[in-house]
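Here is the structure we will look at, set down as structure tokens.
Here, each number is a calculation from the coordinates, and none is a lab measurement. Note that the coordinates shown come from a computational prediction; the quantities given were computed from them, not determined experimentally. All Cβ positions, glycine included, derive from the backbone under ideal geometry; neighbour counts span all protein chains shown.
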Amino acid sequence: MINLPSKLNLWRQSFEERFEAIQNTLYSEDHSLHQACRYALAGQGKRIRPLFAMAAAEACSGRPEDALSLAVAAEMIHTYSLVHDDLPCMDDDDMRRGRATTHVIFDETTALLAGDALLSDAFLVVANDRELSAEIRANAVAQLAMAAGGRGMVKGQALDMYWTGRNDFTRADLDSIHLNKTGALIAASCSLGGLAAGATSTQVQTLEAFGRGIGLVFQIIDDLLDTAEGTGKSLGKDANLGKLTYLSLMTAEAAKNHAARLTDETLALVSSWGSQADALKQLGLSLLERKV
């Protein structure tokens, strides 16, 4: 059994160093837009997407560090989505990652533009990584665009807004929201790691399916944590807004059991990959135990 916490700490350190270097290049000017971008990115998130990208690279017999720039791009897109999600026209939240949200510190217009910059610049990060082949970069751009756009994360956000406050939903409606809003970018992060490692198309497809399953597990646990103290987010935010969550359809105990079953099904996708996939599997399993 690998020492996952130790390995993840090393990966986080490598990621944060690359993350900071890229921010110093992109957002070095002293005006509100760049300040807002750096503020949004400085929130110490869980780095779930970067870690899955690096674990996926290792699972495909590659070097985790080869996926660093792609991991940074995924985290930038994730952060943009949080900045926009918190805006008054969306979920209107004043707390994220234990701090005031970007539009509270700056203003709504600056936060909107900062999110736009983070999304656009993420693709620049991919394009500028000359250590990756042109083919890998092109495929990575396509993966990220599909995950972030109108058939991925943005679609999920639109569905989330549509179903807020409604009662005529089904389980399929709930899954559709989160397979897109949460699962799409986690799935892309996994497939990006595979691409960086030179994985086969079959491996990349398996990683994408793995990420979609893990994305649903992540969201189920997120819904459970919405009622918990100390998560760095506004307590009970989703319930207060009338969001469609897994607790709208099942008890907390049933949701935990569903997450555990889904985790088992997802881990089975890479059960034959050997010891190089141990970190990927343990990282997926760790989501069941997260507290923030």
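Structure summary
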read-out: E20-A268 pseudo-label distance in nm [points 7 Å out on the Cα-to-Cβ vector]; value: 4.4
read-out: Candidates L144, L269, L192: whichever shows maximal mean-square fluctuation once the chain is modelled as a Gaussian network with Cα springs under 10 Å; value: L269
read-out: Fully extended contour minus Cα-Cα distance, from R151 to I2, at 0.36 nm per residue; value: 50.0 nm
read-out: Selected from F52, F19, F106 as most flexible by GNM, with the chain as the system and alpha-carbon contacts under 10 Å; value: F106
read-out: Cα radius of gyration and Dmax for segment 4-284 (Å); value: 18.1, 51
read-out: Charge dipole magnitude, Cβ of K and R +1, D and E -1 - the chain, Cα centre, debye nearest 20; value: 600
read-out: Full-stretch length increase - T170, A134 - with 0.36 nm per residue and alpha-carbon distance subtracted; value: 8.7 nm
read-out: Computed [θ] at 222 nm, helices only, for the chain once each DSSP H run of length n ≥ 4 contributes -39500 (n - 2.57); value: -21000 deg cm²/dmol
